[in-house]
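All remarks here apply to the structure that follows.
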């Protein structure tokens with residue numbers, strides 16, 4: 001958004017009596033997502049090098065659990081102090097991020113050393129650590145990372161407890177709530193914005209990078225305590241489908257579209273069909289939720305993430321073992337045909353320029 | 001930056017009353033209107049429906065169902081290609097339905113070629129399937145004037161190149177080594193990028209979107225970075241041209257995307273590339289082979305990325321004016 005566009009927005013708000021006076025300057029320099037990504041990648045690289053340094057100079061850090069925990073905690077505290085002491089310094093920000101990542105790795109190594117055979121407890125412990133860091137470290141990128149990590153560790157803990165299938169539904173529900181109600185709770189934006197992006201990354205990660213996470217965590221998977229029961233698996237996909245329907249209902253309400261109107265019936269019908277398909281294709285509903293919310297809140301980045309999640313769903317579905325390729329092909333072709341029919345219905349029921357259904 | 005982000009920022013700082021934020025988002029144009037929703041729902045249903053049908057056919061071919069005869073299978077896939085082309089003829093290439101149908105037909109041609117190979121056991125290498133697929137859909141890409149179809153074509157061509165060199169890598173490893181593959185991919189994607197940017201600059205409107213050239217720039221820059229890192233790590237086993245190529249790529253990318261067609265995405269990619277190559281250089285060639293060296297390189301990475309962030313923010317602020 002250019003300065004001129006920002007002024008124009010302010011002028012529109014002023015004309016509507018929503019703001020007064022001159023537009024304020026930007027609170028801090030803004031960076032698009034790809035600059036944040038570059039910062040995050042560099043932070044990771046630096047953290048690995050710092051770990052190499054720490055491991056070489058102080059081998060006890062990696063050999064003794066208590067030493068690793070202590071060293072990791074000290075690094076995280078140092079990082080938090082660095083962020084708070086120099087909130088506007090790019091160098092301090094990057095250094096703090098790298099030191100914190102190295103500290104987190106040490107804490108994980110320490111917990112692994114002490115609790116190695118209890119994956120669920122280890123994951124729950126790390127989720128707690130990341131939640132504390134989310135609160136203590138006042139930097140956007142670090143909070144996004146902390147939120148995503150805490151949720152990923154929580155997913156592992158759920159997996160260990162036999163509740164893994166519930167995670168996509170729980171995550172997509174929390175994601176939708178944070179993004180849809182963010183505007184009503186703007187004073188908590190410092191927390192809600194990074195939490196929203198962390199949740200988005202957590203929801204999207206399974207279809208996008210699920211195979212990678214699976215490969216990375218495979219060595220630990222034999223430690224998982226309980227396999228999910230059929231009831232939990234069924235409850236998980238029903239929850240994901242229910243979240244999708246709830247999101248559509250909420251958006252219809254926000255847009256003032258009556259449920260009995262043709263657009264209302266069409267939207268709800270499409271949500272129910274996609275929700276039903278989710279019973280066989282578990283990643284479908286969460287990907288659609290990200291796409292819908294992204295468009296609803298006017299975020300191109302989030303919409304793009306939703307499209308990426310859908311593409312990843314299509315490619316990952318090939319490898320899902322719950323159904324044969326023939327069953328999957330029939331499901332996809334049938335669902336695709338229904339959606340194309342729905343497309344025709346939309347064109348008929350909701351003509352261009354028509355306002356039918358709006359209260 | 002988005003309107004939404006600005007309005008939420010103003011609200012966080014107390015310039016907008018908490019109860020007025022939703023109204024402000026609506027008035028400021030941050031939320032979609034009814035017409036936007038209609039367009040979005042229509043596009044979502046059309047493209048997701050097409051992608052699901054085409055993927056379903058692909059899965060069906062992969063299943064290799066023995067209960068269905070080869071003629072029925074061929075008739076099914078060919079029938080769908082013909083049906084998709086009939087929709088193209090009916091709707092035309094300027095309307096979303098026609099474009100989606102042509103995109104679907106292009107995907108189905110891949111499934112059809114795979115099916116032919118599966119039924120008749122042609123003995124063709126996998127790269128030949130992709131090469132034939134690319135050749136078959138090239139005329140459609142030429143007439144469609146539709147960027148996503150060109151991106152699909154470029155993806156197919158890249159896969160054909162990778163599979164070609166993978167196939168012959170073992171047999172003629174000296175001639176077709178992995179470095180050669182990276183050079184060929186770099187040359188192909190860079191040529192495509194130059195062509196795309198040139199035609200867009202010449203005023204071809206359907207090429208004016210930035211996502212496709214950014215993808216190509218990412219591929220081109222990523223490959224240049226990989227070649228540079230490889231030559232730094234194992235210069236005896238490589239041609240030695242990786243570093244000079246990377247330096248030239250970096251200079252040209254700076255001139256093009258800082259001076260001619262300002263694009264922060266590519267510049268951010270360039271900064272990432274500098275950080276990676278500099279870290280590799282320091283680790284390999286500065287004698288930093290003790291543990292203290294790791295600390296020096298870590299600080300260098302932090303410093304470079306911090307300077308890069310500051311520079312990118314300055315460019316972003318300049319572009320905002």
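None of the figures in this text is laboratory data; all of them are computed from the coordinates on show. Bear in mind that the values here come from a model prediction, so they are computed numbers and not experimental data. Reconstructed Cβ throughout: ideal geometry from the backbone, glycine too, with neighbour counts over all protein chains shown.
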Find the eigenvalues of the gyration tensor of the Cα atoms of segment A:87-207, then list the square roots of 5 times those eigenvalues as equivalent ellipsoid semi-axes, largest first, in whole angstrom. 24, 22, 10
7 Å from Cα along Cα→Cβ at both residue A:30 and residue B:208: what's the point-to-point distance in nm? 2.3
Rg and Dmax of chain B, using alpha carbons, in Å: what are they? 24.8, 71
Distance in Å, no decimals, from the C-alpha centre of segment A:137-194 to the one of segment A:243-269 is 25
How many times 2.2 N^0.38 Å is the alpha carbon radius of gyration of segment A:31-160? 1.03
Name the residue, out of B:20, B:290, B:234, whose mean-square fluctuation peaks in a Gaussian network model built on chain B with Cα pairs under 10 Å. B:20
Over chain B, the sum of -39500 (n - 2.57) across DSSP H runs of at least four, divided by residue number and rounded to 500 deg cm²/dmol, gives at 222 nm -26500 deg cm²/dmol
Computed FRET value (nearest 0.05) for residue B:261 with residue B:91, which takes r as the C-beta separation and R₀ as 30 Å: 0.35
When the label point is put 7 Å from the Cα of residue A:3 along its Cα-to-beta-carbon vector, which residues of segment B:290-317 have a backbone N closer than 16 Å? B:313-317
Under the rule rounded for a/c under 1.5, else prolate if a/b exceeds b/c, else oblate, using alpha carbon gyration tensor axes a ≥ b ≥ c, segment B:1-136 is classed as prolate
Inter-centroid distance (Cα atoms) of segment B:45-74 relative to segment A:37-56, Å: 46
Just to verify a number: FRET efficiency for residue A:16 and residue B:71, C-beta to C-beta distance, R0 = 41 Å, to 0.05? 0.05
Just for the Cα atoms in segment A:123-173, what are the lengths along the principal axes, largest first, rounded to whole Å? 34, 22, 11
Quick one: angle between helix A:33-57 and the longest Cα principal axis of chain A, in degrees between 0 and 90, rounded to 10, please. 20
Between rounded, prolate and oblate, where does segment B:95-234 land on the alpha carbon gyration tensor, with a ≥ b ≥ c its root eigenvalues, rounded for a/c under 1.5, else prolate if a/b exceeds b/c? oblate
On the formula 1/(1 + (r/R0)^6), with r taken between the Cβ atoms of residue B:311 and residue A:259 and R0 of 60 Å, the FRET efficiency rounded to 0.05 is 0.70
Where does chain A land at 222 nm, in deg cm²/dmol rounded to the nearest 500, when only DSSP H runs of n ≥ 4 count, each adding -39500 (n - 2.57), divided by all residues? -26000 deg cm²/dmol
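For Cα pairs less than 8 Å apart in space and 6+ apart in sequence, what is the mean separation divided by the residue count of segment B:254-321, i.e. the relative contact order in percent?
Working: 32 pairs, mean separation 22.0, N = 68.
This gives 32 percent for segment B:254-321.
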For segment B:201-269 and segment B:116-155, compute the distance between their C-alpha centroids and round to whole Å. 26
Average Cα contact separation per residue, segment B:72-158, under 8 Å, 6 or more apart, as relative contact order %: 24
How large is the Rg to Rh ratio of the protein assembly as shown when both quantities use alpha carbon positions and Rh follows Kirkwood? 0.96
Classify chain A as rounded, prolate or oblate from the Cα gyration tensor: take a ≥ b ≥ c as the square roots of its eigenvalues, call it rounded if a/c is under 1.5, otherwise prolate when a/b beats b/c and oblate if not. oblate
How high is the relative contact order of chain B? Use alpha-carbon pairs under 8 Å, at least six apart in sequence, and give a whole percent. 9
